[in-house]
Structure formats: structure tokens, C-alpha cells
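First comes the structure, then the notes that go with it.
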Amino acid sequence: EKGGYEHFMLKEIHEQPTAIKDTYRGRMLPDEGIIRMAGVDDNLERIANAKRILIVACGTSWHAGLVAEYIFEELARIPVEVEYASEFRYRNPIISEKDVIIAISQSGETADTMAAIKLAKEKGAFAFGVCNVVGSSISRETHAGAYTHAGPEIGVASTKAFTTQITVLTLLALKLAKQNGTISHTEFMTYLQEMERIPSKIESALEGDEHIKMIADIYKDARNCLYLGRGYNFPVALEGALKLKEISYIHAEGYPAAEMKHGPIALIDEEMPVVVIATKKGHYEKVVSNIQEIKSRKGKIIAIVTEGDTEVRELADHVIEVPETLEPLTPLVTTIPLQLLSYHIAVMLGKNVDQPRNLAKSVTVE
Ligand code: F6R
């Protein structure tokens, strides 16, 4: 059942190229230059004319929502707010009939996300679900939706659900962008073609496994770890930190790289590993200067870089290469090494990777 892998989590990490293909298959038709999503097509006007998109989710799904915020605003030019479902529902939020609320949930059973959707519906918003589990409560409660089609995710730490959520949300953003004319046909086509290359780019990222394992061995005894990224890769930093916390029980925090100087930089010393996402696109030079700041304080730098990078290689203690892609799609590849890094650290520490202590796969309590 684990398909020859030692743990479900590792199997699910490796399933991502296939899972993403399953997510876009039949929806993305590059030859015809269209994206077809029944739940969106049936409600296209309503969704594309949204005054605002509200995204509600918890945990890793919330991180996918943050990535989606950058993608929706960039491509479809619709204002987006991303909320923790648990905070949103308890603070008398301002919701109008012109709002579209998107609930992201792997299990489709998360109690707070479900309650947020019910609340928004009562106030007249259109509710759209992005769930993995077919027929789940949230998928039934929403007006429309799009499944991620990632297949069952057994490991408690979410991996393929995250990247397939981002895939669905990217397709949705592209569809709305096309409808509203906020991107050109050429750009639209470029995204579709690049999305088709993502599964093989993830395959290459997965090939870094042995090297990542070696890095894991060096840092497995760290007590703390920082994760930094900017732009599209800021939510990836949050997700990397969450993965490490939940399965290895090492304290980790993710920050937007520029926030370092507003506090967290005080933590840096020779004991502190800092994982920095420093891919070529997206404020590269700014990230390089953040790396210099860490280096001058003797922090240990593990950098996720674009293949062929030389500048960061000179500064970092370790580099992990990922293939280059369009900036909004980078989270789909930069996430992979972070999943593998936490996986290997947790295994080396002898932790129960698939069923970490205190955690449940679906959180149906409030
Ligand atoms: C992290 C993790 C949790 C879930 C969160 C939301 O690896 O598994 O943070 O992402 O509990 O769950 P869903 O997506 O089922 O609503």
C-alpha cells in the first residue's frame, strides 16, 4: 500500500508529478487555448465579477491560500484576502453578496473552515470549494468547487494536497484572468505550456533527494530553524517551517525575508540553520542581501536556488537546486526540497512521520 516507500509521506511526496497531472488533466487544454472547469464555467460571471475574493482555510491549506493571493492579484487583478478560518468566523467579518469565498481543505471536513463557509453563505457570498476528498462536507456545503484529484493523502503532514491545491487555484486564476482580459492570450498560453512542464520539473527537484538527506544529517540536531522567502515564496517558507515542526518537533519559523531585520535577526548565531528560498525570479538581489546579513552573523545557510546559480552558491553553506519556471509557479518546485528535508530529519530522529504526536488528519473539532 505504500508502493515500496518506507512511509506514506515519502510516497505522497513522490506522487506529486502524477498528482498534478491528474489535477489539470481534462481541465487545461493548451492546444485549444482553454481551461475548462465545470464548477467555474457554470458560474463564470459570478466568480469573475467578484469585488473581492476571500480565502478561508487552516494550516497547510491556508499556506496554499496565501500563494493563491499572489497569483490571483497578479493575474486576475481581483483583490484577495486570506484568512484563518478560525479567526474569520469569530470576528463578525464584513461580507457582501459581491464577494466570492473560497474554502481550501484537503479533507473537506475541517470544522472551522466549514463554519466560515456557512457564515459567508448566510451573508450572501458565493462559496467555492477546493477540496481533495470527494463528497466531503465542505464540497457539499459550497455552491460550486473544483476537486484537487490528488488521490488519498494518508500521511498527516500534507504534501501533495498542497501542490495540487496551488495547481487548481492557478488554473482558476488563469481562467478568471482570461475572462476579465487582465492577461494577454500569449501570456495565458505561456502559463498553460509551462504548467505542463511542472511535473517533470518536480521530478528533477526530487532527484536532489540524496543531497538533501546529507544536509538533513548535518542539521538534524538543531533546536531551532528559520525559513525565509519573499513574494510567492514567502508562503513556501511558512509551509517549510510547518512541515519541520509537525513531524520532527524542531521549532521552526517562517518569515518574509525582509522582516528579518525587524526582530528575528537577533536569533542568528552559528547554531541557527536558516533555509532561504533564493530562486532567480522574484527579488533575487534582495534575497541575496538577506543571505549576506545572515552570513555576517555566522548563521548556517541552506539555500534553495535556481539550477546553475553561482551567486548564492558562494555565500551559502549548502545549495539545493530546483529547475527554473515562471515566477508564479515557483512554489510548486521550491516546496519539494523543503518537504524532503523535513521528512529525512524526522526519520533520522526516529519520529513517527506518518502519524506525528498530537495531530489528526482531519480536524473536526473547533
Ligand atoms: C499540515 C496539516 C494541517 C492541515 C490543516 C487543514 O501538514 O496537515 O495543517 O493542513 O489541518 O486541513 P484541511 O486541508 O483538511 O482542511
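Any read-out appearing in this document is the output of simple, stated calculations on the displayed coordinates, not a laboratory observation. Keep in mind that what you see is a predicted model, and the values were worked out from it rather than measured. Every residue, glycine among them, receives a Cβ derived from its backbone with ideal geometry; neighbour counts consider all protein chains shown.
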Q) How long, wide and thick is segment 191-237, going by the Cα atoms along their three principal axes, in whole angstroms, largest first? A) 42, 27, 8
Q.
For the chain, set up a GNM with springs between Cα atoms under 10 Å and report which of Thr182, Thr170, Thr279 has the largest fluctuation.
A. Thr182
**Q.** Counted charge near Glu122, where neighbours are those whose Cβ lies closer than 14 Å (Asp, Glu -1; Lys, Arg +1)
**A.** +1
Q) How large is the helix-only mean residue ellipticity at 222 nm for the chain, computed as the sum of -39500 (n - 2.57) over DSSP H runs with n ≥ 4, divided by its residue count, in deg cm²/dmol to the nearest 500? A) -13500 deg cm²/dmol
Q | Stretchable slack from Glu122 to Arg223, in nm (0.36 nm times residue separation minus alpha-carbon distance) | A | 31.8 nm
Q.
Quick one: the Cα spread of segment 82-167 along its three principal axes, in angstroms, biggest first?
A. 35, 23, 20
Q | Residue-span extension gain [Glu366 to Asp269] - 0.36 nm each, minus C-alpha spacing | A | 31.1 nm
Q) When the chain is modelled as a GNM with alpha-carbon springs shorter than 10 Å, which of Glu109, Glu307, Glu239 fluctuates the most? A) Glu307
**Q.** Around Ala161: net Lys/Arg minus Asp/Glu count, Cβ-Cβ under 9 Å
**A.** -1
Q: Find the Cα radius of gyration of the chain, compare it with 2.2 N^0.38 Å by division, and give the number to two decimals.
A: 0.95
Q: Just rank Thr306, Thr113, Thr330, fewest to most, by other beta-carbon atoms within 10 angstrom.
A: Thr306, Thr330, Thr113
Q.
For the chain, what does the relative contact order come out to in percent, with C-alpha contacts under 8 Å and a separation of six or more?
A. 19 percent
Q: Quick one: give the max-minus-min coordinate of the C-alpha atoms of segment 30-93 along each principal axis, largest first, in Å.
A: 44, 23, 21
Q. Against the longest principal axis of the chain, how steep is helix 185-206, in degrees 0 to 90 to the nearest 10, with axes from Cα atoms?
A. 40 degrees
Q: Count the net charge of all other residues whose Cβ sits under 14 Å from the Cβ of Thr364, scoring Lys and Arg as +1 and Asp and Glu as -1.
A: -3
Q) Between their Cα atoms, which of Lys245/Lys298; Lys21/Lys295; Lys261/Lys361; Lys280/Lys361; Lys160/Lys213 are more than 28 Å away from each other? A) Lys21/Lys295; Lys261/Lys361; Lys280/Lys361
(Q) Using the crude model of +1 on Lys and Arg Cβ and -1 on Asp and Glu Cβ, and no other charge, please compute the dipole size for segment 1-54 relative to its Cα centre, in debye to 20. (A) 260 debye
Q) Can you list the lysines whose alpha carbon is less than 18 Å from that of Lys281, not counting same-chain residues fewer than 8 positions off? A) Lys201
**Q.** Estimated inter-spin distance, Glu1 and Ser200, nm [label 7 Å along Cα→Cβ]
**A.** 3.5 nm
Q. So what is log10(I(q)/I(0)) for segment 160-249 at q = 0.11, 0.18, 0.19 1/Å, when the Debye sum runs over its Cα atoms only?
A. -0.48, -1.01, -1.08
**Q.** Within the chain: Cβ-based charge dipole about Cα centre, in debye rounded to nearest 20 (Lys, Arg +1; Asp, Glu -1)
**A.** 700 debye
Q.
7 Å from Cα along Cα→Cβ at both Ile154 and Asp42: what's the point-to-point distance in nm?
A. 3.3 nm
Q) On a 0 to 90 degree scale, rounded to 10, what angle separates helix 330-348 from the longest Cα axis of the chain? A) 50 degrees
**Q.** the chain: most fluctuating residue of Gly151, Gly108, Gly129 per GNM, C-alpha cutoff 10 Å
**A.** Gly151
